[in-house]
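Read through the structure below, which is laid out as structure tokens, and then see the notes.
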Amino acid sequence: MNVRSQDGALGDLSFEVGPQAHRTSNIVADSAVQELRVAGRERLIVVEDDPVTRTMLVGYFSENNFDVVGASSCAECRQALRTRTDLVFLDVQLPDGDGFDLAKEIQATSNAGIIFVTRRDTDVDRILGLEVAGDHYVTKPIDLRDLLARARSVLRRRSIDRKAARNHNSIAFGDWIIDLTRRELLGSDGKPVALTRAEFDLLAALVGADGRPLSRDYLIEVVSNRQAEVDIRTVDALVARLRRKLVGSGTPVITTVTGVGYKLALSERL
């Protein structure tokens, strides 16, 4: 049969419809096939019970340099997870279980990123998915290019997190990582964000407060050793500059606490 993807590509997708075909064609788990994996490719499991959608996703992401495994059920996903996995596309409604519960299992046993891809589009489902374990929550119909961008973003972010975890002086917050030893701020793309000394000191203080508000007077003390004359207006100006530089998630990273000062808004990553 013909299936047209969101980017306009038209291809012939052929598959059997019997239950045995589902068992044999949806998942690649034996060691002989694993040996054929292309070195350097991120491994993706597509957990989707609809064969048309599953085949489309497997084909598209294979063409975009992913090592892709299709799974039509929770059981097949668990089997596929026996091999190291980088990312999972997870439907919520599966024939042998609930996708949210499966996401909790994946989070407990694997370091794989999770993107929910589902028809369940209520706000309650979206919030639940993100709170449970999801890095993203994508609703059908699927925009393949958008999903590819999200997948790469999740993998890039997790790669940065793994590198930072090896350094106790690196702290991840939102879409950024601050390295206190190198005095460096990295964006979600791994590239450094240019900060002045005062900006870095103020941001490091807010990150170290772990979401607690810091008074303007305290922040004056933080940056006073960097500038000869520091007052409340100086702190406000530094915060304004940091806000302009810390963009990307759509949510302010530094919020004003009326009558107190400022705090880091540890908002959910999109």
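Just want the answer: with Cβ charges of +1 for Lys and Arg and -1 for Asp and Glu, which residue in SER188, SER215, ALA172 is farthest toward the dipole's positive end in the range 167-220? Most positive-ward Cα: SER215.
For the range 170-264, what is the accessible area per residue in Å², given a 1.4 Å probe and the full set of protein chains? In whole numbers, the range 170-264 has 53 Å² accessible per residue. Its Cα centre serving as origin, the range 170-264 has a Cβ charge dipole (Lys and Arg +1, Asp and Glu -1) of approximately 180 debye. Sorting 191-198, 75-82 by their mean Cβ neighbour count within 10 Å, with the most densely packed peptide first, gives 75-82, 191-198. In the assembled protein chains, VAL117 presents an accessible area of approximately 0 Å² (probe radius 1.4 Å).
A cut-off of 5 Å between modelled amide H atoms, ignoring neighbours fewer than 5 places along the same chain, links SER73 with GLU48. Shape index of the range 43-166: Rg/Rh, with Rg the Cα radius of gyration and Rh the Kirkwood radius from the inverse mean 1/r over Cα pairs, equals 0.93. For the pair ARG156 and ILE127 in one chain, pulling the backbone fully straight at 0.36 nm per residue adds 8.1 nm over the alpha carbon distance.
The values are calculated or read from the model by the stated rules, or taken from the named source; none is laboratory data. This is a predicted model, so every value here is computed, not measured. Cβ coordinates were reconstructed from backbone atoms using ideal geometry, including for glycine residues, and neighbour counts include every protein chain displayed. Heavy atoms of the whole protein, side chains included, go into the accessibility calculation; ligands, DNA and RNA do not. Shrake-Rupley method; radii C 1.70, N 1.55, O 1.52, S 1.80 Å.
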